[in-house]
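Chemist: Before I ask anything, here is the structure I am working with.
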Amino acid sequence: MNALPASLVVMGGSAGSLDALSVILPSLPDDFPLPVLIVVHLPPARESLLAEVLQRKCGLRVREAEDKDELCPGVVLVAPPDYHLLVEADARVSFCSDEPQLYSRPSIDVLFESAAEAFGPGVIGLLLSGANSDGARGLQAIVQRGGTALVQAPVDAHCPTMPRAALERCEQARAVPLSEIAQQLQELAHGR
Amino acid sequence: MPHRTEDLELRLLLEAIFHRYHYDFRGYSLASLKRRVRQALEKFDCQSISQLQDRVLHDAKILPALLGVLTVQVSELFRDPPYFKAIRERVVPHLRTYPSLRVWVAGCSAGEELYSLAILFREEGLEERTIFYATDINPEALRRAQEGVYSLDRLQLFSENHRQSGGRRSLSEYYTAAYGHARFDPSLRARTVFSDHSLVTDEVFAEMQLISCRNVLIYFDRELQNRAIGLFHDSLARRGFLGLGAKESLRFSDHAGAFEEFDRLEKIYLKRGDR
């Protein structure tokens, strides 16, 4: 496998993941060299404050993704409620309104699988605290295409179901303590 | 490089469907289309996209079911109630000034958006002067839209949406329930023309005062979005309204300058009168 530089970070979580993101994102430098895409399970109310909440906590630019947005280094795009967020091979995002997966729209699996498909070995997938098994299949897809799979260590997670499900399904996934995740992302971003 | 081969197979499948049946998916966003093609592989028990291509080229009978997998949307009546509230409170007053109205529901799928607008227009007293055009590329979706029958377990959501959209009566006044289904009053579609029409390959067919096209453009790449929005522009009367889905916009379109934002949050645009 080529040691290609990483090209994209995708993150997913549900219950308890906002706490984790509030630790990770502020610990990344403002000039973090990769685009970051985030799916957090939310109720399908139309307007979400997630991007604003995260923006207030960190120096990276955070905003809600819009259809066909370009991936930019150091820009964090958050999936809007009630749409799946996908990555296209031309380094843009797209949405779809297909059926929820594991009762979730946006679905972490959908984001992770599309990222694996589009960017193969360049993808770093990170799965955080959550109460169902969404993301496990997606992390597996990332690993199968040569990407890197990280999981918030279940002992650190407010809701360890999601990290555990991923570690069970995807044995190459590495459990990382919450306090070390940002450092790991930095190292991976700057070449492994 | 297994996925490179699969990308090639996907392109060939889309070419095959286009040349054999004139359904053009070549400008669709690939990420979600790929997911749907994978679902089709499962449904038709095919081991590869090439195998599916072989099947669809030689067996036209599977085309409708394949179109179903590639295009069908599950929507709701009055999905995103604030959109319909904005139509009711902000667009309808303008529409009232016209003696006759044409409304196009582009990509109507199983009819949820059409019935929402038909009910809204009835409640606002505009129904008598309106012709609705409901179009889709999928004949099965059009058939379902013409039936107006939805599973009863969805009606609680639809009723709540309708109420939040500013509905003036109970939604139950517009349907009859039987055998687990709700059948919407056929008179709601008495003024609707259902038609096969493609935003990819077809042209303008009438001059509209309102076009509602929600969660269709997200499936298109930018070039195709541009074409579709151009088609909407050419189909709209001056000062006609265009309503898009909550996460859609005109920002990548060459035609953006020909519209003003009428309701920024609800993605309702107004065609400028000066061009």
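Chemist: Using only alpha-carbon positions, what ratio does the radius of gyration of segment B:226-275 give when scaled by 2.2 N^0.38 Å?
Modeler: 1.00
Chemist: Taking the beta-carbon count within 10 Å as an exposure proxy, list B:183, A:137, B:238, B:4 from fewest neighbours to most.
Modeler: B:4, B:238, B:183, A:137
Chemist: For the protein assembly as shown, build the convex hull from the C-alpha positions and give me its volume per residue in Å³.
Modeler: 149
Chemist: In a shell of Cβ-Cβ distance under 11 Å around residue A:140, excluding residue A:140 itself, what net charge do Lys and Arg (+1) and Asp and Glu (-1) give?
Modeler: -1
Chemist: Moving on to the next point. Using Cα centres only, tell me the gap between segment B:47-100 and segment B:175-190 in whole Å.
Modeler: Segment B:47-100 and segment B:175-190 have Cα centres spaced 20 Å from each other.
Chemist: Here is a further query. Starting at the first residue of segment A:74-80, write each ³J(HN,Hα) from the Karplus equation 6.51 cos²θ - 1.76 cosθ + 1.60 with θ = phi - 60°, in whole Hz, x for Gly and Pro.
Modeler: x, 10, 9, 10, 10, 5, x
Chemist: Could you work out the relative contact order of segment A:8-189? I mean the mean sequence separation of Cα pairs under 8 Å and 6+ apart, divided by the number of residues, in percent.
Modeler: 23
Chemist: Using only the Cα atoms, what convex hull volume per residue in Å³ does segment B:2-71 have?
Modeler: Cα-based convex hull of segment B:2-71, divided per residue, equals 77 Å³.
Chemist: Once the dipole of the protein assembly as shown is set up with Lys and Arg at +1 and Asp and Glu at -1 on Cβ about the Cα centre, which of B:8, B:182, B:65 lies farthest towards its positive end?
Modeler: B:182
Chemist: Consider just the alpha-carbon atoms of chain B and return their Rg together with their Dmax, both in angstrom.
Modeler: 19.4, 62
Chemist: Now, a different point. List the relative contact order of segment B:81-271 as a percent without decimals, with contacts defined as Cα pairs under 8 Å and 6+ residues apart.
Modeler: 22
Chemist: To continue, here is another question. Of A:63, B:88, how do they rank once you tally other Cβ atoms within 10 Å and put the fewest first?
Modeler: With the sparsest Cβ surroundings first, the list reads A:63, B:88.
Chemist: Check which residues have an amide H placed less than 5 Å from residue B:175's amide H, if you skip close sequence neighbours.
Modeler: Close amide H contacts, sequence-distant or interchain: B:185.
Chemist: Still on this structure, please answer the following. Relative to the compact-globule scaling 2.2 N^0.38 Å, provide the ratio for the alpha-carbon radius of gyration of chain A.
Modeler: Output field value: 0.89.
Chemist: Sticking with this structure for a sec: State which entries of A:68/B:43; B:247/B:267; A:57/B:247; A:68/B:247; B:34/B:61; A:68/B:34 exceed 19 angstrom in Cα-Cα distance in the structure shown.
Modeler: Listed pairs above 19 Å: A:68/B:43; A:57/B:247; B:34/B:61.
Chemist: Going by amide H atoms built from the backbone, whose H comes under 5 Å of the H on residue B:236, apart from near neighbours?
Modeler: B:208
Chemist: Residue farthest toward the positive end of the dipole of segment A:31-102, with Cβ of Lys/Arg at +1 and Asp/Glu at -1: which of A:76, A:54, A:38?
Modeler: So the residue we want is A:54.
Chemist: Can you put B:150, A:83 in order, fewest other beta carbons within 10 Å first?
Modeler: Least to most surrounded, the residues fall as B:150, A:83.
Chemist: I'd like the GluC sites (Glu not before Pro) in segment A:42-75 restricted to DSSP loop residues with at most 13 other Cβ atoms within 10 Å, sorted by number.
Modeler: A:47
Chemist: Can you give me the relative contact order of segment A:1-95 as a percent, contacts being Cα pairs under 8 Å and 6 or more apart?
Modeler: 28
Chemist: Based on the alpha carbon coordinates of segment A:1-80, what radius of gyration and maximum Cα-Cα distance (Dmax) apply, in Å?
Modeler: 12.8, 43
FYI, it's all coordinate maths here, none of it is from the lab. It should be emphasised that the depicted structure is a prediction, and the values quoted were computed from it without experimental measurement. Cβ coordinates were reconstructed from backbone atoms using ideal geometry, including for glycine residues, and neighbour counts include every protein chain displayed.
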